[in-house]
Amino acid sequence: MRAWPPAGTLMADELLIATGLVVSYGKSRRSLFARTQRLGVPVLHGVSLEVRKGETIGIVGESGSGKTTLGRTLIGLVKPAAGSVCFDGVDITALDEHKMRPLRPRMQMIFQDPMSSLNPRHTIGRILTQPMRLHGLANDYASARGRAHDILERVGLASSTMDCYSHELSGGQRQRVGIARAVVLRPSFVIADEIVSGLDVSTQAQVLRLLKELTSEMHLALVFISHDLSVIRSICDRVVVMQSGTIVEQGPCEQVFAAPRADYTRMLLDAIPLPILDPDWLSRGPTAENVGMN
């Protein structure tokens, strides 16, 4: 486990710095009895976060704590009302979509529900090859298809998956396609939003093991969003605990799990159904009956 400096300390390997993020949903309006403009419903309240190259950060909290909104704000899918996001030295906060386009291949998201995030009218092959052609990462269709084959093989799917549609795949297979779609563009930063919450335990382990291997091989910075601290503990270097749109605690996983400072973190730990957390559960290979089944 790496020893991390105090939050806010600048490092040469920092990839993303978010400062004072404020996000509100709903339309702004002026109060009848006040001169100031009232914002919509606040979701994030001045959140600051740093992500380093090759680092895996877990963001954990109850539903409604602002985890997903923070993830989407970090990659420019949600624009903050205040604060800034600096990605690899570029302030992306006010960039329009045209100016964001060159950065899009480097910032990818794996969504919670792969069924709704994969176009049901397109084959898996088209879903994987189109982004490569769009961003100029493949010279022609043949090279794009070749790389798609390689990525599918790397995530444990047969090459015949190229000709399938999303509804023909299992939940675990669809989530592997979601991972393949994210990494096929060779990103440096990936957000994974509750990607194993709908999978059975054995499939969860396979998907998490795959993510852990890919982040190591590709030196990816990964922000893994989850409500499950046992999952966060298994793959993350650091953990960020959110409550009601604010960060109540953050630090190395071993430190936070061994000696949580915030009452809310202790409550989350107490809520984990397993009395003993097993940090090595991913290191054990899949059982014979699970191989190739998901």
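The values are calculated or read from the model by the stated rules, or taken from the named source; none is laboratory data. Since we're looking at a predicted model, the values are computed, not measured. Note that each Cβ is placed from the backbone with ideal geometry, even for glycine, and that neighbours are counted across all protein chains shown.
Observations on the structure shown:
- Condition met for residue 147 (under 22 Å from residue 220 (Cβ atoms), charged (D, E, K, R) and within 22 Å of the chain's Cα centre (by Cα)): no
- When residues of segment 77-94 are limited to those that are surrounded by fewer than 17 Cβ atoms within 10 Å (Cβ to Cβ) and in a loop (DSSP other than H, G, I, E, B), the one nearest to the chain's Cα centre (by Cα): 77
A quick yes/no check of all residues on (1) among the aliphatic types (A, V, I, L, M); (2) over 28 Å from residue 143 (Cα atoms); (3) at pLDDT 90 or above; (4) not in a helix (DSSP H, G or I):
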position: 180; (1), (2), (3), (4): yes, no, yes, no
position: 187; (1), (2), (3), (4): no, no, yes, yes
position: 191; (1), (2), (3), (4): yes, no, yes, yes
position: 195; (1), (2), (3), (4): yes, yes, yes, yes
position: 198; (1), (2), (3), (4): no, yes, no, yes
position: 203; (1), (2), (3), (4): no, yes, no, no
position: 213; (1), (2), (3), (4): no, no, yes, no
position: 217; (1), (2), (3), (4): no, no, yes, no
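- Of the residues making up segment 184-205, those that are over 17 Å from residue 71 (Cβ atoms) and in contact with a Lys or Arg (Cβ under 9 Å, 6 or more places away or on another chain) number 4.
- Residue count, segment 47-76 (criterion: out of contact with any helix residue (DSSP H, G or I) (no Cβ under 6 Å at 6 or more places or on another chain) and assigned to a loop (DSSP other than H, G, I, E, B)): 9
- Within segment 219-242, the set of residues being of a type outside the set (S, T, N, Q) and not in a strand (DSSP E or B) comprises 219, 220, 227, 228, 229, 231, 232, 233, 235, 236, 237.
- Where a residue in segment 224-235 is within 16 Å of residue 250 (Cβ to Cβ) and its partner, wherever it lies, is small (Gly, Ala, Ser) and outside any helix (DSSP H, G or I), with Cβ under 6 Å and at least six apart: 224/58; 224/192; 232/58; 232/226
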